[in-house]
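See structure below.
Here, each number is a calculation from the coordinates, and none is a lab measurement. All values derive from a computational prediction rather than experimental measurement. For neighbour counting, all protein chains shown are included, and Cβ atoms are generated from backbone atoms with ideal geometry for every residue, glycine included.
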Amino acid sequence: MKQQIIDLIEKNVEGLNREEISALIEIPPKPELGDFAFPCFRLAKTMRKAPQMIAADIKDAIGEVDFIEEIAVQGAYLNFFIKKNIFVKSMVEAASADNFGGSNVGDGKCICIDYSSPNVAKNFHVGHLRTTIIGNSLYKIYSKLGYDVKRINHLGDWGTQFGKLIVAYKAWGNEEAVKKDGVGELMKLYVKFHDEAKENPTLNDEARAWFVKMEQGDEEALKIWQWFKDISLIEYKRTYDLLGMDFDYYLGESFYRDKTDDVVNKLTSANLLTESEGAKIVDLEAYDMAPCLILKNDGSSIYATRDLAAIFYRKDTYNFVKCLYVTGQEQKLHFSQVFKVVELLGNEWAKDQLVHIPYGLVSLEGAKLSTRSGNIIYAEDILLEAVSKVKDIIIENMEKKGQDIQDVDGTAKMVGVGAVLFNDLYNQRIKDVSFSWDKLLNFNGETGPYVQYTYARCSSILRGLDNYDENADIDYSLITDAASIDLLKEINRFPQVVVDAADKYEPSQIARFAVAVAQSFNKFYNENRINIDDSALKHARAALVKITRKTIKDAMLLLGIDCPEQM
Ligand code: ARG
């Protein structure tokens, strides 16, 4: 419908192309202002006429149109009222299309998303939960727009900390304990190392020596390191399974260890490296930034060096149009430095193709968690606790309402995990996330469970319809009430919402849209009975339930959340 309005304006107005017209067209907030509005302020400048007059002239030029009820001039706006039945039909049909909300603007172009990326031998904590959830949602959103997205897990699996761990393991560790407690035991060893090193600083030299051995390919060192990494990955994968998430590549920092020399060579030929206290740096003073450290005084590479190597590797291998990095805000400077260095090496594309996507902190004050050790919080524990709480709620509801839910465990998992994800994605990512079980699991709030519940309600309405024919012709002229039209308009925002979410790297736009559709549906459902005798009206209303159900599911999938048929 919008395209047809654009056609009309394009034919009757000079000096604006389709894209400009499309950007100007608004969806009025109130039905009294029509279905589409076109503001004429901008034209006033070029045409040197009052916008009201321009609006009136365009209206005259357009004249009668078969699908339009009325065009009204209100102030500087042209308000288009589409013939109701035509509008309803077009909205239902658009929303029924398989790829509704999606498009092929991405045209197979590659986007790399670097996210999750926990640090080996450390626990997968709530901060890593956020990058995982946001990164996964961006992957879904960009895929929906036709991009070829590479999900990259840039594991923190290289660096001096592994030298420390090897020293600690050899001094105080044993195989049994590590096998039994995995990452928990490795973290204890790490803490022990730091305690002991305070008394006995030579331990630090030993640790450095072991890392140097690792960098030189020493067999024993690498064997222990690989073992620690395997153990960590088993735990991380348990969390990913619970989340229903996966990666295309697990290419951690260690993957780039033989690619950092090339970075150093590039920087040397470009005359960008300077010495500073024995270390090699790129001076970034001209850009108001601290220098980017490339090689330490013992010649070993660091985090930034490996990130530089990763960027060149990804550009060569995937030819990305964008490479996104989802991490906490505290890494802002690190990425600004690294991106600047890439640019200084003559790569203009670094300016708009490398994007850091920061997010806020998680505060757990509102959630009492039974943590396994001290105050170290594992993402896995939060997810499992959510699932178990939801299971209790479901069982209680079943007893109270005499409801029979077929797959209690499956539903509890979908809803519990979904609630955590939704809570994380509902607010702008840069905001801090507060975590309270009451808020997160409120089936009536702006929550995952509320949206899923609305989905399950749609499914149950459709299951319960008498004499319903899936393929019956629909009489769209029967849908006239405000609640139905509002619902249709809400649903039809989906394609634009997906585009906006992608442009701003902001899954919250999808989460908010899902809540808006659910609220709009519940209003519609309050005012419209569905399973009625009037067959034509029943079928027309059921068509709305169907597209609501489908749109909610598709929107939730973009957040990484599935919806249960019963709840
Ligand atoms: N391992 C890092 C951390 O836990 C995140 C890595 C982000 N990605 C990157 N290419 N630097 O903080």
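Tabulated data for the structure shown
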| read-out | value |
| --- | --- |
| Part-to-part distance (alpha-carbon centres) for the range 25-75 and the range 127-149, which is given in Å | 39 Å |
| The range 366-501 shape via C-alpha gyration tensor axes, a/c threshold 1.5 | oblate |
| Degrees separating the helix 508-527 axis from the principal Cα axis of the chain, which is the longest one | 40 degrees |
| Cysteines having no other Cys beta carbon under 4.7 Å from their own, within the chain | C40, C110, C292, C458, C563 |
| Candidate lysines for bridging to K45, where Cα separation is under 21 Å - those fewer than 8 sequence places away on the same chain excluded | K11, K59 |
| Lysines with Cα under 16 Å of K550, excluding same-chain neighbours fewer than 8 positions away | K144, K489 |
| Cα-based helix-to-principal-axis angle, 408-425 vs the chain, degrees rounded to 10 | 90 degrees |
| Charge dipole magnitude, Cβ of K and R +1, D and E -1 - the chain, Cα centre, debye nearest 20 | 460 debye |
| Share antiparallel - DSSP beta bridges, the range 61-149, percent rounded to 5 | 75 percent |
| Alpha carbon convex hull of the range 76-227, volume per residue in cubic angstrom | 228 Å³ |
| Cleavage-rule hits (GluC sites (Glu not before Pro)) in the range 442-540: DSSP loop, at most 12 neighbouring Cβ within 10 angstrom | E470 |
| Rg/Rh ratio calculated on Cα atoms of the range 133-212 (Kirkwood radius) | 1.24 |
| The chain: radius of gyration over Cα atoms, expressed as a fraction of 2.2 N^0.38 Å | 1.17 |
| Global geometry of the range 172-285, whether rounded, prolate or oblate, following the gyration tensor of its Cα atoms and the 1.5 cut on a/c | oblate |
| Computed [θ] at 222 nm, deg cm²/dmol, the chain (DSSP H ≥ 4; -39,500 (n - 2.57); rounded to nearest 500) | -18000 deg cm²/dmol |
| Per-q log10 I(q)/I(0), the range 288-349, q = 0.27, 0.28 Å⁻¹ (Debye; single scatterer per alpha-carbon; no solvent) | -1.35, -1.39 |
| Binned Cα-Cα distances of the range 62-151, short to long, each 10 Å bin given as a whole percent | 14, 23, 20, 20, 15, 7, 2, 0 |
| Pairs of lysine residues in the range 221-322 - Cα separation under 24 Å, sequence separation of 8 or more or cross-chain | 13 |
| Percent of beta bridges antiparallel (DSSP, the chain, rounded to nearest 5) | 50 percent |
| The range 410-567: C-alpha pair distances exceeding 29 Å, % | 20 percent |
| Cα shape, the range 117-158, gyration tensor, a/c 1.5 rule | oblate |
